[in-house]
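Asks: I'd like to ask some things about the structure below.
The values are calculated or read from the model by the stated rules, or taken from the named source; none is laboratory data. Computed from a predicted structure; not experimentally measured. When we count neighbours, we look across all protein chains shown, and the Cβ atoms used for this are built from the backbone with ideal geometry, even at glycine.
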Ligand SMILES: NC(=O)c1ccc[n+]([C@@H]2O[C@H](COP(=O)([O-])OP(=O)(O)OC[C@H]3O[C@@H](n4cnc5c(N)ncnc54)[C@H](OP(=O)(O)O)[C@@H]3O)[C@@H](O)[C@H]2O)c1
């Protein structure tokens with residue numbers, strides 16, 4: 001089973017500000033939906049609380065240390081290890097071959113060592129923020145695809161969809 005991270009990051013490394021995404025990027029929202037659809041998604045409690053509703057047609061798994069935390073429409077896991085084990089079971093049930101880690105920063109840090117693939121949307125702007133994604137160690141990851149686009153009507157910036165896989169090229 002592949003473990004994949006999905007992250008959108010600005011040119012200055014920002015992924016979030018005050019609990020929210022610091023841009024409007026409709027094209028990335030569509031890509032995120034397409035990339036994660038019908039797969040289990042693992043997220044930290046703060047990212048979960050930034051959503052208006054569970055991500056539809058995906059098993060939402062929320063990681064928190066809080067005992068008895070209630071997340072309607074999601075399953076709660078006490079650790080990333082537990083979350084990954086649960087996600088793998090859901091993936092098998094859905095005939096998916098990939099579990100998706102969708103943030104935020106704390107959960108990316110914890111899962112990167114066991115991840116196989118990272119889907120990065122480079123958002124080509126510098127933006128103020130308080131939550132960051134550490135650049136991938138280029139010795140440990142190699143780029144397998146890159147597609148760049150001008151900003152669409154409902155995008156704050158141009159962007160590139162980049163996929164990395166673990167290991168040397
Ligand atoms: N640009 C993107 O692609 C993207 C994607 C996702 C999120 N974001 C942004 O990122 C920000 C949120 O990221 P964040 O790093 O602050 O928070 P986060 O990773 O979403 O959630 C952090 C929470 O996860 C739980 N947690 C962390 N480590 C744990 C462990 N070892 N065991 C059990 N639970 C653990 C804790 O929950 P408890 O405190 O409940 O114990 C912790 O407070 C927001 O601004 C959001 O909009 C951006």
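Asks: Going by the structure shown, is residue 18 within 11 Å of the ligand (Cβ to nearest atom) and surrounded by fewer than 21 Cβ atoms within 10 Å (Cβ to Cβ)? Show your work before the answer.
Replies: Numbers: within 11 Å of the ligand (Cβ to nearest atom): yes; surrounded by fewer than 21 Cβ atoms within 10 Å (Cβ to Cβ): yes.
It is true that residue 18 is within 11 Å of the ligand (Cβ to nearest atom) and surrounded by fewer than 21 Cβ atoms within 10 Å (Cβ to Cβ).
Asks: Against the conditions (1) in contact with a strand residue (DSSP E or B) (Cβ under 7 Å, 6 or more places away or on another chain); (2) outside any helix (DSSP H, G or I), where does residue 12 fall short? Just the number, please.
Replies: It is condition (1) that residue 12 fails.
Asks: What is the residue count in the stretch 158-169 for residues that are assigned to a strand (DSSP E or B) and closer than 14 Å to residue 125 by Cα? First the steps, then the outcome.
Replies: Residues of the stretch 158-169 that are assigned to a strand (DSSP E or B), as a first pass: 159-166.
Those still in the list that are closer than 14 Å to residue 125 by Cα too: 159-160.
Going through the stretch 158-169 one residue at a time, the tally reaches 2.
Asks: Tally up the residues in the stretch 28-48 that are within 15 Å of residue 119 (Cβ to Cβ), within 10 Å of the ligand (Cβ to nearest atom) and in a helix (DSSP H, G or I), please.
Replies: Count: 2.
Asks: Can you list the strands (runs of 3 or more DSSP E) found entirely within the stretch 54-110 that contain at least 1 residues being out of contact with any helix residue (DSSP H, G or I) (no Cβ under 7 Å at 6 or more places or on another chain) and within 13 Å of the ligand (Cβ to nearest atom)? Don't jump to the end; show me each part of the working.
Replies: Numbers: elements: 60-63, 75-77, 98-101.
Answer list for the stretch 54-110: 60-63, 75-77.
Asks: So, one more: Taking residue 136 as meeting all but one of (1) closer than 19 Å to residue 4 by Cβ; (2) surrounded by fewer than 17 Cβ atoms within 10 Å (Cβ to Cβ), write down the number of the exception.
Replies: Among (1) closer than 19 Å to residue 4 by Cβ; (2) surrounded by fewer than 17 Cβ atoms within 10 Å (Cβ to Cβ), residue 136 violates only (2).
Asks: A further question follows. Between a residue in the stretch 133-147 that is more than 20 Å from residue 15 (Cβ to Cβ) and any residue that is away from the ligand (no atom under 16 Å from the Cβ), which pairs come within a Cβ distance under 6 Å, given they are 6 or more apart or on different chains?
Replies: That search, which allows pairs on different chains as well, returns 142/169; 144/165.
Asks: Do we find a residue being within 9 Å of the ligand (Cβ to nearest atom), at pLDDT 95 or above and either surrounded by 20 or more Cβ atoms within 10 Å (Cβ to Cβ) or not in a strand (DSSP E or B) (or both) anywhere in the stretch 143-157? Can you show your working first?
Replies: Narrowing the stretch 143-157 to residues within 9 Å of the ligand (Cβ to nearest atom): none.
For the stretch 143-157, residues within 9 Å of the ligand (Cβ to nearest atom), at pLDDT 95 or above and either surrounded by 20 or more Cβ atoms within 10 Å (Cβ to Cβ) or not in a strand (DSSP E or B) (or both): absent.
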